[in-house]
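Let me begin by presenting the structure, written as C-alpha cells, before commenting on it.
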Amino acid sequence: MPEYLTSAPNNWKCRLVLAAVPRDGSPYEDEFTLPLDRPIDYWDQIYTPLSELKVRVTAFRSEGRVVAEVAVETEVEAPCARCLEPARSRVKGDLRYIFSLRRDEQLREKNEGAQDGDEEIILLDSWEDEIDLAQMVWETFITALPPAILCSPDCRGLCPTCGANLNEGPCSCKTEGGDPRFEVLRKFMENQ
Ligand SMILES: [Zn+2]
Ligand SMILES: [Zn+2]
C-alpha cells in the first residue's frame with residue numbers, strides 16, 4: 001500500500017444509482033462517509049486527515065441530463081506555513097458535475113450551435129444503472145484543501161537567521177526592526 005493517497009482510493013464506494021433520481025426534476029440527496037486512511041500528498045504538501053470524509057451528493061434531472069452536486073467536509077493537519085508546527089484546518093468544498101449522453105449532446109450542438117463551454121459535461125455512451133462518483137468526490141476534496149495552513153492567524157513564524165520558532169519568544173539574533181515576515185522577503189531578495 002503506498003504511503004500517501006494521491007488519487008481516489010479503491011475502497012471508496014460512492015455510486016449514484018440513477019433509478020433513485022426522480023424523473024420530475026426534484027432532487028435526490030444522499031449522505032455518507034468515506035475512509036481517509038493515509039496522509040494525502042497534493043502539490044508536495046502532506047495533509048494528515050483527522051476524520052473521515054463527509055460527503056453529500058445532491059442529484060437532479062434537467063433537460064435529459066443528470067446534475068450531481070458533490071459537497072465534502074473533513075479536517076486535516078499539515079505543517080504551519082510559517083513555523084512548520086502541526087496546524088489544523090477544516091476542509092469544506094463543493095463542485096457540480098453534469099452527466100449527459102454523447103448522442104444527446106451531439107444533437108444539441110447541431111441544433112443550438114457550440115456551447116459557451118463554461119460548464120463541463122461528462123459524456124456517457126449510455127445510461128448505466130449507476131454512476132461511480134469516486135473521481136468526482138476526490139477532485140472536490142483535493143480542490144478544497146487549503147494551500148497554506150497557519151497554526152494561528154498571528155503566527156510569528158521562524159527567525160530567518162537562526163530558525164528559532166518566534167512563537168516561543170524572541171531569539172538572540174540582532175533585529176533590524178520591522179515585521180519578521182518582511183525579513184523573510186529581504187533574505188529572499190538578497191539570494192536572488
Ligand atoms: Zn505557525
Ligand atoms: Zn534568530
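Across the chain, Cα pairs under 8 Å and at least six residues apart give a relative contact order of 20 percent. For Ser51 and Trp127, a Förster radius of 30 Å and the Cβ-Cβ distance give a FRET efficiency of 0.30, rounded to the nearest 0.05. A simple rule links phi to the HN-Hα coupling: the Karplus curve 6.51 cos²θ - 1.76 cosθ + 1.60 with θ = phi - 60°, which for segment 58-64 gives 10, 10, 8, 9, 8, 6, x Hz, with x for Gly and Pro.
In degrees from 0 to 90, rounded to the nearest 10, what is the angle of the helix 180-190 Cα long axis to the longest principal axis of the chain? Approximately 90 degrees, to the nearest ten. A full extension of the chain between Glu168 and Phe32 corresponds to an added length of 44.8 nm, given 0.36 nm per residue minus the alpha carbon distance. Compared with the dominant Cα axis of the chain, that is its longest principal axis, helix 102-112 is turned about 90°.
Note on Glu168: accessible area is roughly 150 Å² with a 1.4 Å probe, heavy atoms of protein only.
Panel note: the C-alpha atoms of segment 61-121, placed on their principal axes, show extents of 58, 21, 13 Å (largest first). Ligands, DNA and RNA left out, the accessible area of the chain computed with a 1.4 Å probe is 49% carbon and sulfur. 3J(HN,Hα) couplings calculated from phi for segment 31-47 with the Karplus curve 6.51 cos²θ - 1.76 cosθ + 1.60 (θ = phi - 60°) are, in sequence order, 10, 7, 10, 10, x, 10, 9, 9, x, 9, 9, 9, 6, 6, 10, 9, 10 Hz; Gly and Pro show x. Per residue, the solvent-accessible area of the chain (1.4 Å probe, heavy atoms of protein chains only, all protein chains present) comes to 64 Å².
At the residue level, Leu101 shows approximately 10 square angstrom of accessible surface with a 1.4 angstrom probe and all protein chains present. Distance between the C-alpha centers of segment 135-174 and segment 40-107? Whole Å please. Each part reduced to its Cα centre gives a spacing of 23 Å.
The values are calculated or read from the model by the stated rules, or taken from the named source; none is laboratory data. Everything quoted here is computed from the prediction, not taken from an experiment. Glycine gets a Cβ as well: all are built from the backbone with ideal geometry, and neighbour counts include every protein chain shown. Protein only, heavy atoms only, side chains kept; ligands, DNA and RNA dropped before computing areas. Shrake-Rupley method; radii C 1.70, N 1.55, O 1.52, S 1.80 Å.
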